[in-house]
Structures are given as C-alpha cells and as structure tokens.
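The values are calculated or read from the model by the stated rules, or taken from the named source; none is laboratory data. Small disclaimer: the values here were computed from a predicted structure and weren't measured. FYI the Cβ positions are ideal-geometry reconstructions off the backbone, even for glycines, and counts take in every protein chain you see.
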Amino acid sequence: MAFPTDRPRRLRRSESLRSFVRETRLSPEGFVYPLFVCPGEGIRKEVRSMPGVFNLSVDEAVKECGEVKALGIPSVILFGLPEEKDEMATGAWDPNGIVQRAARAIKREVPGLLLMGDVCLCEYMSHGHCGIVDTTGGSYTKARQEADAFVRELELQGKRVIKVGSQSAVATAAAVAPASEEYEIMNDATLELLTKTAVAQAEAGMDIIAPSDMMDGRVQAIRNGLDAAGFENIPVLSYAAKFASGFYGPFREAADSAPHFGDRRSYQMDPANLREAMREIELDLEEGADMIMVKPAMPYLDVIREARSRYDVPLAAYQVSGEYAMIKAAALNGWIAYDRVMMESLLCIQRAGASIMLTYFAKEAARLLG
C-alpha cells in the first residue's frame with residue numbers, strides 16, 4: 001500500500017503517540033559518569049575547557065558519587081591526577097595512589113555504586129605517553145629536547161602557549177612538537193605495569209577494570225594477573241576500539257595527560273579503519289574481555305553499529321570530552337537548544353547499539369529523564 005492509505009504521520013500526532021511507538025529509550029541505568037580525582041581536601045576545580053566538569057579531591061568525589069547514585073546512575077569511572085609523575089607510572093599501581101584511595105573512600109561511603117577503574121598510565125607518566133618509552137640511543141632525550149625547543153620557538157614568535165599542569169600544550173595545535181618516529185613505546189614491558197595497576201585497583205575495591213592504553217595483549221595480561229591475585233570474578237571492560245582522535249583535547253587538560261612529545265598514533269587506532277576496529281575487538285574478546293567499548297562515540301557511530309551486529313556482548317561507547325565541550329560551547333553561545341541536543345546525542349549513541357554510555361552529561365541527562 002501507499003499514500004493515501006499509508007500515513008506514517010498518524011503515529012506522530014501527539015507526544016503520547018510518539019512515546020508509545022518509540023524504538024529507543026534512554027535510561028540513567030545505562031550511564032557511567034567520569035570523575036577526575038586529585039590530591040588535597042575540599043578541592044572542586046572546574047576544568048577550563050569542560051564547563052561543569054571538575055577536578056575533585058577524594059572527599060568531594062565521595063559527595064559527587066552520592067549525588068550520582070541518588071540520580072539512578074549506576075556507575076562512575078575514576079581517573080587520577082597523582083601527586084608526582086615518573087617514567088614508570090608508579091602512582092598508577094601504588095596501593096595508596098590517588099585512584100585507589102578514592103575507590104576505598106567511595107566504597108565505604110557510597111555502597112552499591114559500581115566503580116570502574118580506567119587502567120592507563122598516561123596520567124602518571126612524566127612524559128604523558130600510555131606506556132614505557134624506550135630510552136636507548138638517546139632518542140627519548142632527543143624527543144623531549146625537540147618538544148622544549150618547539151615550545152620556545154612558538155613563544156619567540158609570539159604565539160600563545162597554554163600551560164596545563166606540568167605540561168605544555170599549544171592553543172592552535174594538537175601537540176607541542178612534531179610527531180617523531182625516533183622513540184618507541186615499549187609494548188610488552190608496559191603490560192607488566194598495566195597488570196599491576198589493574199590488581200591494585202581491584203584490591204582497592206573496583207568492580208570493573210577498564211584498560212584504555214591500546215597495548216597489544218593487555219587484556220590477556222590483565223586477566224591473568226587478576227585471576228592469579230584471586231580476582232577472577234572481576235570483569236574487564238576493554239577500550240577495544242580506541243581511535244587516535246582529535247576529540248580528546250579537553251580530557252588531556254582535565255587529567256593533565258597530554259604527551260610531552262609526539263602523539264599516540266603508533267598505538268591508538270587510525271580513524272580511517274573500520275575493519276581493523278573489528279579485529280581489535282575480536283582479539284580482546286579472545287583474550288578474555290567481558291565487555292567492549294568504542295571511543296569516541298558520535299564520530300564513530302558506524303563502528304558502534306558494526307560492533308553491535310557482530311558481537312553478542314555488552315557494548316559501551318565513550319562520549320568523549322571534545323563531544324561534550326562542543327555541545328557546551330554552542331549552548332553557551334546560544335546557538336543550540338542545549339537540553340534537546342544533549343539528549344539527542346545520547347539517544348543516537350544508544351540507537352547505534354551502545355547499551356552503556358560513558359558521558360559527562362550523565363547527571364544532567366538523568367535529571368531530565370527523572
């Protein structure tokens with residue numbers, strides 16, 4: 001049949017009808033709220049590029065988690081800003097590291113909230129990369145010197161350089177120095193540190209371990225390490241398809257994790273590759289991942305859809321800092337209807353196939369859904 005017999009608009013005439021036939025329904029039960037935990041007490045420092053997102057001391061993070069749970073959001077993911085950084089990411093796997101302290105406090109004060117631990121080393125490394133850097137042959141030192149020289153040259157040219165914590169970032173560029181091929185992120189040596197970090201987080205009370213580093217073999221190494229430590233029942237949510245995206249910029253300010261030289265394209269995925277993303281997911285599942293994630297979300301809806309059609313496991317997507325910041329900035333300038341665009345963005349990610357969404361909008365969206 002066709003018009004005039006078929007009239008799809010019949011089911012759009014009122015909100016009651018539209019709601020009655022709606023195919024995709026948002027719920028706070030699918031949200032994960034990211035938190036950035038820093039040293040100190042009574043600290044609630046707004047991230048300049050992410051209005052409404054804060055660096056929080058442990059006591060403030062506990063308060064935030066109480067609000068999150070009250071809104072019906074089941075989980076938070078913790079990122080840490082350590083007191084000190086070094087070239088072995090000691091703060092990541094220290095039993096008394098910032099994330100471990102936060103996890104114990106949240107578990108004690110907000111029982112029942114699912115804690116997800118981001119297992120990566122970039123926030124804890126003095127150089128800002130996600131793994132151990134090969135320092136042989138002076139290549140690492142040379143790369144650091146090139147980065148410093150690049151920043152000095154920009155300053156001499158009168159170009160604006162932003163200081164982010166202990167690191168430097170150029171206002172108009174993705175990194176402070178040209179990408180260098182003269183240093184190497186050591187894959188296999190990094191696996192030991194990632195495993196130690198995962199075990200330390202499990203010991204502190206994490207319910208879910210979420211490796212985000214993109215080292216080959218890290219899911220298997222972490223699974224083996226957790227099992228050997230008696231945590232065989234703790235699931236692994238792998239950042240299985242994490243792309244080398246330009247949408248991460250505001251996060252690197254929030255977590256003080258920008259690389260001091262080069263970029264992360266030798267280990268994070270090429271944005272052009274969909275088939276490779278499926279291979280990465282398949283490998284992580286073979287290594288023991290219980291859940292998988294695509295990151296970023298909205299620019300990669302096709303990847304989410306393809307993963308949903310192929311793999312019958314829980315699928316997460318991370319609506320990353322750049323996605324959040326763009327919507328916030330447009331709203332602050334009066335260019336969009338904020339609530340509507342925020343909810344539409346989340347709806348589209350779920351419609352593509354993600355049942356779990358890591359999003360900085362979690363609290364605001366939960367209030368609207370309530």
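Residues in region 283-304 that are surrounded by 16 or more Cβ atoms within 10 Å (Cβ to Cβ) and of a type in the set (D, E, K, R): 284, 287, 290, 295.
The single condition among (1) at positive phi; (2) touching a Pro at 6+ places or on another chain (Cβ under 7 Å) that residue 42 does not satisfy is (2). Right, residue 81: closer than 28 Å to residue 184 by Cα, hydrophobic (A, V, I, L, M, F, W, C), surrounded by 15 or more Cβ atoms within 10 Å (Cβ to Cβ) and touching a strand residue (DSSP E or B) at 6+ places or on another chain (Cβ under 8 Å) or not? Considered against the rule, which asks whether it is closer than 28 Å to residue 184 by Cα, hydrophobic (A, V, I, L, M, F, W, C), surrounded by 15 or more Cβ atoms within 10 Å (Cβ to Cβ) and touching a strand residue (DSSP E or B) at 6+ places or on another chain (Cβ under 8 Å), residue 81 comes out as yes. Restricting region 187-228 to residues that are hydrophobic (A, V, I, L, M, F, W, C) and surrounded by fewer than 16 Cβ atoms within 10 Å (Cβ to Cβ), the residue that is modelled with the lowest pLDDT is 189. When the test is whether a residue is surrounded by 13 or more Cβ atoms within 10 Å (Cβ to Cβ), touching a helix residue (DSSP H, G or I) at 6+ places or on another chain (Cβ under 6 Å), aromatic (Phe, Trp, Tyr) and closer than 26 Å to residue 185 by Cα, residue 33 does not pass it. A count restricted to region 81-126 and to residues that are at pLDDT 95 or above, polar (S, T, N, Q) and outside any helix (DSSP H, G or I) stands at 1. Within region 257-270, not a single residue is buried (at least 17 other Cβ atoms within 10 Å of the Cβ) and assigned to a helix (DSSP H, G or I).
Being touching a Phe, Trp or Tyr at 6+ places or on another chain (Cβ under 8 Å) and modelled with pLDDT of 95 or more is not true of residue 306.
Within region 323-344, residues that are more than 18 Å from residue 26 (Cβ to Cβ) have Cβ atoms under 9 Å from residues that are modelled with pLDDT under 95 and assigned to a helix (DSSP H, G or I) in these pairs: 325/247; 325/249; 325/250; 326/247, counting only partners at least 6 apart in sequence or on another chain.
Determine, yes or no, whether residue 28 is in contact with an Asp or Glu (Cβ under 7 Å, 6 or more places away or on another chain), surrounded by fewer than 21 Cβ atoms within 10 Å (Cβ to Cβ) and in contact (Cβ under 8 Å) with a residue 40 or more places away in the chain. No; evaluated as a whole, the condition is false for this residue.
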